[in-house]
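The structure appears right after this line, and notes come after that.
Rule-based calculations on the coordinates, nothing more; no lab input. Treat the numbers as computed from the prediction; the structure is a model and nothing was measured. Don't worry about glycine lacking a Cβ; one is built from the backbone with ideal geometry, like all the others, and counts go over all protein chains shown.
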Amino acid sequence: MAGLTRPRVLVVIPDHSELRRLADALRPCGYEVVEARSGEDALNTVRHGPIDVVILDWKLPGLSGAEVLALIKQYDPSIEIILVGKKPSANDLAAALRGRAADFLTAPVEVSVVREAIERALLFRTRQQVGRAVSTQGMAARLATLSEREAEIMRLLASGMNNKEIGRRLSISEKTVRNVLSKAYAKLQVSTRAEAVTAAREGMGHL
């Protein structure tokens, strides 16, 4: 959600009457509601977003609910997805959990229940966004503590170079590169090369 704009909710239900019932009932609740009747339409809408929350029928024609869940999360992990299905089995619930769904509601659903689930999902999404912002600010502060040499090597690391290539570029030994990186890792509070690369790429403006 950006600024004071209304939360954007995508409702994906193949049954036209149920889709309209739910969408029409949610609009007066302060949401901007978008409708889709298939997984393909849902994915197209998400790609043209932004979308905050998706109400997704587990049983869809064409792409299944599980497939749509996975594809949306792959495209944008921050989108919260609430699944709806009739008598979900233990396997359904396990698949939803693996797919990082926010909730699984048993159909037919009351509007009040859906609204409560949306509000929980929006609250979780906001907390996640705040957490990422705080984490980014903290990493920016740590990146600012790097020496000129450490920052230079971190930039080359983020570009995809290995230690030997960095040493050649800077005319220093591979051992020196390892020593400098070790000090940089300690300052950034990371323990692996992958974490260091991620930190460097996310904070390129601070290096």
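Here are the numbers for the structure shown:
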quantity: Sparse-neighbourhood loop sites, trypsin sites (Lys or Arg not before Pro) in region 24-133 - DSSP loop, at most 11 other Cβ within 10 angstrom; calculated: Lys86
quantity: Efficiency of FRET from Cβ geometry, Asp24 and Thr106, R₀ 22 Å, rounded to 0.05; calculated: 0.55
quantity: Qualifying aspartates and glutamates (Cα of each under 17 Å from Cα of Lys59; at least 8 residues distant if same chain); calculated: Asp15, Glu18, Glu35, Glu40, Asp41, Glu67, Asp92, Asp103
quantity: Hull-based mean projected area of the chain, where the convex hull spans the alpha carbons, in square nanometres; calculated: 14.1
quantity: Distant-in-sequence amide H partners of Val33 (H built 1.01 Å from N, under 5 Å); calculated: Val9
quantity: Dipole moment magnitude, nearest 20 debye, the chain about Cα centre, only Lys, Arg, Asp, Glu C-beta charged; calculated: 960
quantity: Ranking of Ser147, Ser38, Ser17 by count of other Cβ atoms within 10 Å, fewest first; calculated: Ser17, Ser147, Ser38
quantity: Residue order, fewest to most surrounding Cβ atoms within 10 angstrom, among Phe124, Phe104; calculated: Phe124, Phe104
quantity: Proxy reagent accessibility, fewest Cβ within 10 Å first, across Met154, Met139, Met161; calculated: Met161, Met139, Met154
quantity: Semi-axis lengths (Å, descending) of the ellipsoid that matches the C-alpha gyration tensor of region 144-206; calculated: 17, 12, 11
quantity: For region 43-101 and region 143-207, distance of Cα centres in Å; calculated: 38
quantity: Rounded, prolate or oblate (a/c below 1.5 giving rounded, otherwise prolate when a/b exceeds b/c) for region 10-75 by Cα gyration tensor; calculated: oblate
quantity: Helix-derived mean residue ellipticity, 222 nm - over the chain, DSSP H n ≥ 4, -39500 (n - 2.57), to 500; calculated: -18000 deg cm²/dmol
quantity: Long-range HN-HN contacts of Ala107 with modeled amide H, under 5 Å; calculated: Gly85, Lys86, Lys87
quantity: Hits among lysines - C-alpha to C-alpha of Lys164 under 28 Å, sequence gap 8 or more where chains match; calculated: Lys175, Lys183, Lys187
quantity: Cα gyration tensor shape of region 46-118, rounded if a/c is under 1.5, else prolate or oblate by comparing a/b with b/c; calculated: oblate
quantity: Magnitude of the charge dipole, region 144-206, Cβ model with Lys/Arg +1 and Asp/Glu -1, debye to 20; calculated: 200
quantity: Counted charge near Lys86, where neighbours are those whose Cβ lies closer than 15 Å (Asp, Glu -1; Lys, Arg +1); calculated: -3
